[in-house]
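A.B. asks: Could you have a look at this structure, given as structure tokens, before my questions?
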Amino acid sequence: MRTALALQVATFSRSLTARLATVLLVVFPPLMSVGMVALARAADAAGPSAAKLAPYREGPFGETVAGLAGQVVSVVALIGVGFAVAWLVGREWADRTVGSLFALPVPRATVARAKLLVIAAWAGACLTLAMALTAATLAAVDPASLTAAVAGQLARVWVAGLLMAALALPFAWVAVRSRGYLGAAGAIVGVTAASQILAMVGAGAWVPYIAPAMWAGAGGPEEAAAIGPASLVLAAAFAAVASWASVRAFARATLD
Amino acid sequence: MTALEIRDAVRAYGDLRALDGLTLTVEPGEIHAIIGLNGAGKTTAMKAVVGQTRLDAGEVRLFDTPAASAGPATLARLGFVIDQPFGYPELSVRENIVHAARLHGLPMNAAAAAASSWIARLELGPWAARRARGLSLGNRQRLGLACVAAHAPDLLILDEPTNALDPAGVLLLRDVIVAAAGRGAGVLVSSHHLDEVSRIAHRITVVHAGRVVGTLEPGQADLEHRFFEMVRAWDEDHREDAHSRQGALA
């Protein structure tokens with residue numbers, strides 16, 4: 001496993017996709033959540049932007065930031081981690097490097113597991129940093145707003161972000177089946193769009209790609225309260241089974 | 001012990017039988033060249049050896065072990081370049097060789113030493129720190145060779161290894177192949193450069209229509225002529241099969 005991990009760390013750390021996704025995962029949550037709420041409450045907010053920002057003008061500052069962070073983190077975790085895993089797996093076909101991974105003493109299942117492990121570790125680190133930055137920015141802008149309740153809500157957003165990141169790992173399966181990253185990129189867009197539609201019609205609690213986001217407050221406090229542990233366990237179980245299927249697909253793929 | 005045995009291999013893609021009962025062996029210390037027209041089945045046979053394609057029938061054995069159940073110890077004795085040489089574009093030449101050697105079972109220190117040795121041997125020194133994406137096609141092919149030879153495999157499989165090499169690269173490749181066979185490794189090589197093949201091979205097998213249709217004596221003159229005669233004779237004797245094959249290829 002160490003050999004496979006070393007190769008994946010070396011390639012992933014040098015990819016443009018990884019660098020862009022790191023910026024998306026680390027910078028967007030604090031910038032969007034604290035920044036948008038602060039902007040909404042600025043005295044000179046006017047015009048069409050003011051209407052968009054209106055929901056963030058009312059209520060306690062910290063709680064509003066935490067609610068918006070739930071929305072932002074859920075989306076960037078799915079998209080950012082999704083594109084990263086799509087690249088790390090799909091590039092083997094796009095760059096025609098997959099052929100060299102056959103008939104090695106290091107099995108392809110181990111290579112696939114290493115890919116998912118590297119992505120998982122990177123995503124966990126990025127999301128942890130993002131939430132720490134969000135809390136620090138909030139404390140810097142308005143120290144009194146970082147109450148125990150707000151910190152608890154941010155911790156919940158962090159857990160939801162990790163769950164959404166885990167749910168992005170199965171895009172590896174799409175990358176294997178479509179023999180490249182374009183198919184997986186299409187799947188990420190499709191799942192994101194479908195999730196929005198299903199959430200709007202109120203079918204989110206039992207859809208793995210929606211439940212963590214709702215739980216994190218992306219749909220408001222009432223919808224968050226409607227998500228029980230069973231919905232989250234289902235989402236985690238789906239991520240685990242689909243990740244296992246991704247490893248299996250990578251290990252069994254041929255080049256016919 | 002036979003280094004490689006392909007027995008009665010069959011692989012069909014729809015109506016096209018890419019392999020149609022192909023059987024061949026490679027012995028330790030032997031350079032076995034396979035020659036054939038495009039679509040003859042050479043690459044498909046090599047892909048079947050390493051699992052890139054599955055056989056409909058027949059068997060592949062590596063060092064007397066069924067390839068399908070070969071473990072890490074057996075696979076560590078194999079090195080191959082089929083279709084695309086090893087090389088991640090974002091890694092340097094040295095890094096690629098080190099990672100390839102480690103994937104083939106060498107520990108870190110041995111892999112680093114092997115990388116230095118093969119960079120010198122294949123005259124890749126000026127590009128050692130350069131990323132593979134910036135290399136010429138010929139140097140990428142040299143890199144690919146270093147990546148599969150650095151762990152000193154006992155069986156080397158090379159599909160058209162000379163097609164992007166300049167004359168200097170061809171000489172280096174020839175030295176690598178001859179040296180590998182000299183230390184006891186079996187080498188299976190396919191090539192369109194029949195003169196080159198004739199110069200170094202111990203055995204030349206003609207593959208056509210997915211099967212072995214004959215052998216040619218290495219070192220003889222006019223290899224191309226004798227090759228085409230053999231292929232034409234087979235097509236004459238199997239006219240119906242040849243027609244249906246051309247239809248499937250079209």
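This table checks each residue for (1) within 12 Å of chain B (Cβ to nearest Cβ); (2) open to solvent by 20 Å² or more (accessible area, probe 1.4 Å); (3) more than 18 Å from the chain's Cα centre (by Cα); (4) of a type outside the set (A, V, I, L, M).
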position	(1), (2), (3), (4)
A:73	no, no, no, no
A:80	no, no, no, yes
A:91	yes, no, yes, yes
A:94	yes, yes, yes, no
A:102	yes, no, yes, yes
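A.B. asks: Within region B:62-73, does at least one residue satisfy the condition of being open to solvent by 10 Å² or more (accessible area, probe 1.4 Å) and in contact with a His (Cβ under 9 Å, 6 or more places away or on another chain)?
C.D. replies: No, that holds for no residue.
A.B. asks: Now for a separate question. Being at positive phi and not acidic (Asp, Glu) narrows it down to one residue among B:79, B:39, B:71; which is it?
C.D. replies: Result of the check over B:79, B:39, B:71: B:39.
A.B. asks: Testing residue A:151 on (1) assigned to a loop (DSSP other than H, G, I, E, B); (2) touching a residue at least 12 places away in the same chain (Cβ under 8 Å); (3) farther than 30 Å from residue B:99 by Cβ, one condition comes back false. Which one is that?
C.D. replies: (1)
Rundown of residues vs (1) of a type in the set (D, E, K, R); (2) touching a Gly at 6+ places or on another chain (Cβ under 9 Å); (3) open to solvent by 40 Å² or more (accessible area, probe 1.4 Å); (4) assigned to a strand (DSSP E or B), yes/no style:
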{"residue": "B:60", "(1), (2), (3), (4)": "no, yes, no, yes"}
{"residue": "B:84", "(1), (2), (3), (4)": "no, yes, yes, no"}
{"residue": "B:87", "(1), (2), (3), (4)": "no, yes, no, no"}
{"residue": "B:95", "(1), (2), (3), (4)": "yes, no, yes, no"}
{"residue": "B:106", "(1), (2), (3), (4)": "no, no, yes, no"}
{"residue": "B:109", "(1), (2), (3), (4)": "no, no, yes, no"}
{"residue": "B:113", "(1), (2), (3), (4)": "no, no, yes, no"}
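A.B. asks: Scan region A:130-170 for residues that are open to solvent by 10 Å² or more (accessible area, probe 1.4 Å) and of a type outside the set (A, V, I, L, M) and jot them down.
C.D. replies: Across region A:130-170, the qualifying residues are A:137, A:142, A:143, A:145, A:147, A:152, A:153, A:156, A:158, A:170.
A.B. asks: Still on this structure, I have one more. What pairs can you find where one residue is in region B:104-131 and more than 22 Å from residue A:104 (Cβ to Cβ) and more than 14 Å from every other protein chain (Cβ to nearest Cβ), the other is open to solvent by 50 Å² or more (accessible area, probe 1.4 Å) and modelled with pLDDT of 95 or more, and their Cβ atoms are less than 6 Å apart, with a gap of 6+ or different chains?
C.D. replies: Close Cβ pairs (under 6 Å, with a partner that is open to solvent by 50 Å² or more (accessible area, probe 1.4 Å) and modelled with pLDDT of 95 or more) amount to B:128/B:94.
A.B. asks: How about region A:8-43: which of its residues are within 12 Å of chain B (Cβ to nearest Cβ) and either open to solvent by 80 Å² or more (accessible area, probe 1.4 Å) or over 18 Å from residue A:76 (Cα atoms) (or both)?
C.D. replies: A:8, A:9, A:10, A:11, A:12, A:13, A:14, A:15, A:16, A:19
Rundown of residues vs (1) within 14 Å of chain B (Cβ to nearest Cβ); (2) assigned to a helix (DSSP H, G or I); (3) open to solvent by 30 Å² or more (accessible area, probe 1.4 Å); (4) touching a helix residue (DSSP H, G or I) at 6+ places or on another chain (Cβ under 6 Å), yes/no style:
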position: A:218; (1), (2), (3), (4): no, no, yes, yes
position: A:223; (1), (2), (3), (4): no, yes, yes, yes
position: A:230; (1), (2), (3), (4): no, yes, yes, no
position: A:239; (1), (2), (3), (4): no, yes, no, yes
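A.B. asks: Looking at the structure I just gave you, is residue B:41 at pLDDT 90 or above and open to solvent by less than 20 Å² (accessible area, probe 1.4 Å)?
C.D. replies: Spelling it out, residue B:41 is indeed at pLDDT 90 or above and open to solvent by less than 20 Å² (accessible area, probe 1.4 Å).
A.B. asks: When you check residue A:109 against the structure, is it assigned to a helix (DSSP H, G or I), touching a helix residue (DSSP H, G or I) at 6+ places or on another chain (Cβ under 6 Å), within 14 Å of chain B (Cβ to nearest Cβ) and open to solvent by 10 Å² or more (accessible area, probe 1.4 Å), yes or no?
C.D. replies: Considered against the rule, which asks whether it is assigned to a helix (DSSP H, G or I), touching a helix residue (DSSP H, G or I) at 6+ places or on another chain (Cβ under 6 Å), within 14 Å of chain B (Cβ to nearest Cβ) and open to solvent by 10 Å² or more (accessible area, probe 1.4 Å), residue A:109 comes out as yes.
A.B. asks: Is there any pair linking a residue in region A:183-197 that is within 13 Å of residue A:75 (Cα to Cα) to one that is open to solvent by 40 Å² or more (accessible area, probe 1.4 Å) and outside any helix (DSSP H, G or I), with Cβ under 9 Å and at least six apart or on different chains, and which?
C.D. replies: Here the result reads none, with nothing in region A:183-197 linked to a residue that is open to solvent by 40 Å² or more (accessible area, probe 1.4 Å) and outside any helix (DSSP H, G or I).
A.B. asks: When you go through (1) in contact with a strand residue (DSSP E or B) (Cβ under 9 Å, 6 or more places away or on another chain); (2) within 21 Å of residue B:82 (Cβ to Cβ) one by one for residue B:170, which number turns out not to apply?
C.D. replies: Looking at each condition in turn, residue B:170 falls short on (1).
A.B. asks: Determine which member of the set B:187, B:213 is within 17 Å of the chain's Cα centre (by Cα), at pLDDT 80 or above and in a strand (DSSP E or B). Show your work before the answer.
C.D. replies: Details: B:213 fails: within 17 Å of the chain's Cα centre (by Cα).
It is B:187.
A.B. asks: Also, quick follow-up: For region B:71-103, what are the residues that are more than 7 Å from every other protein chain (Cβ to nearest Cβ) and in contact with an Asp or Glu (Cβ under 6 Å, 6 or more places away or on another chain)?
C.D. replies: Once the filter is applied, which keeps residues that are more than 7 Å from every other protein chain (Cβ to nearest Cβ) and in contact with an Asp or Glu (Cβ under 6 Å, 6 or more places away or on another chain), region B:71-103 yields only B:77.
A.B. asks: Now for a separate question. Residues B:127, B:118: which one is buried (at least 22 other Cβ atoms within 10 Å of the Cβ), among the aromatic types (Phe, Trp, Tyr) and out of contact with any strand residue (DSSP E or B) (no Cβ under 6 Å at 6 or more places or on another chain)? Steps first, answer last, please.
C.D. replies: Values: B:127 fails: buried (at least 22 other Cβ atoms within 10 Å of the Cβ).
Going through B:127, B:118 in turn, the sole match is B:118.
A.B. asks: Do we find a residue being of a type in the set (Lys, Arg) and either under 14 Å from residue A:77 (Cα atoms) or in contact with a helix residue (DSSP H, G or I) (Cβ under 6 Å, 6 or more places away or on another chain) (or both) anywhere in region A:159-178?
C.D. replies: Step one: of region A:159-178, the residues of a type in the set (Lys, Arg) are A:177.
Checking which are either under 14 Å from residue A:77 (Cα atoms) or in contact with a helix residue (DSSP H, G or I) (Cβ under 6 Å, 6 or more places away or on another chain) (or both) leaves us with none.
No: zero hits.
A.B. asks: Among the candidates A:40, A:4, A:50, A:54, single out the residue that is more than 22 Å from the chain's Cα centre (by Cα) and without any contact (Cβ under 8 Å) to a residue 12 or more places away in the chain.
C.D. replies: A:50
The values are calculated or read from the model by the stated rules, or taken from the named source; none is laboratory data. All of these numbers come straight from a predicted model, not from anything done at the bench. Positions of Cβ are generated from backbone atoms using ideal geometry, with glycine treated the same way; all protein chains shown enter the neighbour counts. For the accessible areas, the whole protein counts, side chains as well, though only heavy atoms, and no ligand, DNA or RNA atoms are used. Shrake-Rupley method; radii C 1.70, N 1.55, O 1.52, S 1.80 Å.
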